[in-house]
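Reviewing the structure listed below.
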Amino acid sequence: MQYGRSILAILLIPCLALLPVACKKIEDPGSRPAVEQPQQPADEEAPPAEPVAESPPSAPESESTARPALPPLFTDIEKRTFQFFWDTTNEVNGMTPDRFPSRPFASIASIGFALTAYPIGVENGWVSRRQAVDRTLTTLEFFRDAKMGPAKEGTTGDHGFYYHFLDMQQGQRYDAWVELSSVDTALMMMGVLFARGYYDRDDAREQQIREIADELYRRVEWPWLQVRPPLISMGWYPETGFIEHDWEGYNEAMLVYILALGSPTHPIEPDAWAAWTSTYDRSWGHFEGQEYLSFAPQFGHQYSEVWIDFRGIQDDYMRGRGIDYFENSRRATLAQRTYGIENPLNWKDYGPNVWGLTASDGPQRTMQVYNGEEREFRHYSARGAGLRDAFDDGTIAPTAALGSLVFAPEVVVPAALEMHERYGDFLYSSYGFLDSFNPSFQYDIPLKTGRLVPGKGWVASDYIGIDQGPILAMIANYRDEFVWNIIRKDPYIRLGLERAGFTGGWLDAGKVQEQDGEDEQAPDQEAPARVRPPLRLPQPAEQNPQSLRIDCPHAPNQANATSPLPCAARTHGLARVAPVAGAAVRLRAAAGSARDHHALGDGVRRRAGREAAAGIRAA
């Protein structure tokens, strides 16, 4: 596969790799290519809640519909973000830190993104293929040989699943609060399967990568976590057993079910997908002029689509709605931007090119007076804008926009350019954009993380692996569909999608090619996928400001723990970071009550929600 990219010459002296001190911006604003700004959203009423779009087109791209080249800044972002994974990973065992430079422990989700990052580095010429093979093989061999079992200490996982956070040096469960995680194992397995597909040469070491990757995926006993079938539990603790809550849609766990459905050794049944989608109607509706399946933090729309190309393929639910998941994520992106423009809570600097809410670092868990009213701020937490489970404390995460590049490039590119121009002196550093910033937070109080920049507000001091990963992979997908192309050829992913009921687009095209070439190909050889349809321009958004909020506390006593699930702002996810069933149940009930009595756009949580959250933390 030819990537054919020219590498941007580095114009500045490199930053010190271990310090979060910001580099100067890499380009003079006057030298940037002009980017057409999108029109302001029209001020119209929302359309009726019914299917609003026809199925996505499946015609190949043509020269007239080819996506425009990215500004030079994106080459620099891509290179720096790749270096995060290459520089910070333990080259002895393949452990990638959850965050850096604080680097408290490894994250198996970060490892999944790292395994995806290495081939991107090869295709760009940043590392050699041999270097990437060595690093990848080291990582896979470690997990193949790691001690597994039900012991509370000294193990890396059990039943093919792995603990969410691992010690950077030993690669074993980091602490007693760390769960055996279904969704984080799935994120890692997507990187494992990506490596299996990329390293395809007739070479002994690349053959080893393919064999070990296949073994790791085949080991995962997905039905073991179906303690309340057909849904899959969020995880397990050796101290207390299975987490009492299951993955139900819609959120980032879509890839959990696709991987489980496609397993050749431990598959689940297709009724699991029907159960997963049965809760979708709770989150379907109108928000900020878009009708879509809402999940407030943007990462929920990004993670599965980092690897799987959902353009033109539909399951039963999306066929009924007349769109696909890619189009759904595009609408979610546009809704986030419109929310930033409307800025119902009047946070500082929000606007057409300063927006993006997702799970990210924040300054501190505190109540402070802002614009004459008391507001809640958080440290690491889910943030988002949507129909439910939303929260906004003025903290912007660049990954929310940049990781959505493929969905709506015409609004993401201007956002990246403006955030780099306005905040780059303190926000853009050794490995690209630091995790987040909050121009509204200028309070002289002790901070959980990050620092205050005089006159500019708060800025994070860390990079977070699960936020860096979507930035890097989605730039690669935008340029030439690199990650998507590899995964489209994976027979396990194809099988998982088909068993979930997906049809159309490249799935059907692949079947036709298999039939046409079955006399020419070996029986186990996957037919190449056809060229995909273009990334489409958005429709003007409409105004519909809303902001619903639910608390999502951090892992107990761990300031730097980053977890997609508790950061999903779903109250049932709290069971993952605090295995205390009674407190979690009370929190869920209290949060539901708070939501029922919540005033849209209000910045203060109900007391019941706070007390229930406090019960979780105390427990």
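The values are calculated or read from the model by the stated rules, or taken from the named source; none is laboratory data. Source: prediction; values computed, not measured. When we count neighbours, we look across all protein chains shown, and the Cβ atoms used for this are built from the backbone with ideal geometry, even at glycine. These area figures cover heavy atoms from the full protein model, side chains too; ligands, DNA and RNA do not enter into them. Shrake-Rupley method; radii C 1.70, N 1.55, O 1.52, S 1.80 Å.
For the condition open to solvent by 10 Å² or more (accessible area, probe 1.4 Å) and either more than 21 Å from the chain's Cα centre (by Cα) or touching a residue at least 12 places away in the same chain (Cβ under 8 Å) (or both), Tyr380 does not qualify.
Sub-7 Å Cβ pairs linking a first residue in segment 123-142 that is touching a residue at least 12 places away in the same chain (Cβ under 8 Å) to a second residue that is in a helix (DSSP H, G or I) and open to solvent by 20 Å² or more (accessible area, probe 1.4 Å), at least 6 apart or interchain, are Trp126/Lys79; Val127/Trp86; Ala132/Val122; Val133/Arg205; Leu137/Arg205; Leu137/Gln208, ordered by first then second residue. Figure legend. Inter-residue proximity from segment 151-170: first residues acidic (Asp, Glu), second residues surrounded by 19 or more Cβ atoms within 10 Å (Cβ to Cβ) and assigned to a loop (DSSP other than H, G, I, E, B), beta-carbon distance below 8 Å, spacing 6+ or different chains. Indicated pairs: Asp167/Met95; Asp167/Phe105; Asp167/Tyr174.
Within segment 360-377, track down each residue that is over 24 Å from Asp98 (Cα atoms), of a type in the set (D, E, K, R) and within 30 Å of the chain's Cα centre (by Cα).
Of segment 360-377, the ones over 24 Å from Asp98 (Cα atoms) are 366-376.
Then keep just the ones that are of a type in the set (D, E, K, R); that gives 373-376.
Result: Arg375, Glu376.
Close contacts from segment 231-243, counting a first residue that is farther than 19 Å from Ala151 by Cβ and a second that is of a type in the set (Phe, Trp, Tyr) and in a strand (DSSP E or B), with Cβ to Cβ under 7 Å and a gap of 6+ residues or different chains, come to Ser233/Phe242. For segment 206-245, the tally of residues that are in a loop (DSSP other than H, G, I, E, B), aliphatic (A, V, I, L, M), within 25 Å of Arg196 (Cβ to Cβ) and more than 20 Å from the chain's Cα centre (by Cα) stands at 1. Considering segment 99-134, the residues that are more than 15 Å from Met168 (Cα to Cα) and hydroxyl-bearing (Ser, Thr, Tyr) include one that is most open to solvent (accessible area, probe 1.4 Å), namely Ser128. Out of Leu166, Leu137, Leu193, which single residue is in contact with an Asp or Glu (Cβ under 6 Å, 6 or more places away or on another chain) and surrounded by 18 or more Cβ atoms within 10 Å (Cβ to Cβ)? That would be Leu193, the only listed residue that is in contact with an Asp or Glu (Cβ under 6 Å, 6 or more places away or on another chain) and surrounded by 18 or more Cβ atoms within 10 Å (Cβ to Cβ). Picking from residues in segment 410-429 that are open to solvent by 20 Å² or more (accessible area, probe 1.4 Å) and over 20 Å from Trp347 (Cα atoms), the one that is farthest from the chain's Cα centre (by Cα) is Asp425.
Please indicate, with yes or no, whether at least one residue in segment 246-254 is surrounded by fewer than 18 Cβ atoms within 10 Å (Cβ to Cβ) and either touching a residue at least 40 places away in the same chain (Cβ under 8 Å) or in a loop (DSSP other than H, G, I, E, B) (or both).
Our first condition is that a residue be surrounded by fewer than 18 Cβ atoms within 10 Å (Cβ to Cβ); within segment 246-254, this holds for none.
No.
Can you name every residue in segment 339-349 that is surrounded by fewer than 22 Cβ atoms within 10 Å (Cβ to Cβ) and either aromatic (Phe, Trp, Tyr) or at positive phi (or both)? Asn343, Asn346, Asp349, listed by residue number.
Quick check: is even one residue across segment 351-371 more than 30 Å from Ile313 (Cβ to Cβ), crowded, with 22+ Cβ neighbours inside 10 Å, charged (D, E, K, R) and touching a residue at least 12 places away in the same chain (Cβ under 8 Å)? Yes. Within segment 218-230, residues that are closer than 13 Å to Trp247 by Cα have Cβ atoms under 6 Å from residues that are part of a helix (DSSP H, G or I) in these pairs: Trp222/Ala260; Leu225/Ser182; Pro230/Asp271; Pro230/Ala272; Pro230/Ala275, counting only partners at least 6 apart in sequence or on another chain. Residues of segment 90-97 include none that is at positive phi, open to solvent by 40 Å² or more (accessible area, probe 1.4 Å) and either within 23 Å of the chain's Cα centre (by Cα) or among the β-branched types (Val, Ile, Thr) (or both). Condition first: within 25 Å of Trp236 (Cα to Cα) and at pLDDT 95 or above. Can you find one or more residues in segment 118-128 that meet it? No: zero hits.
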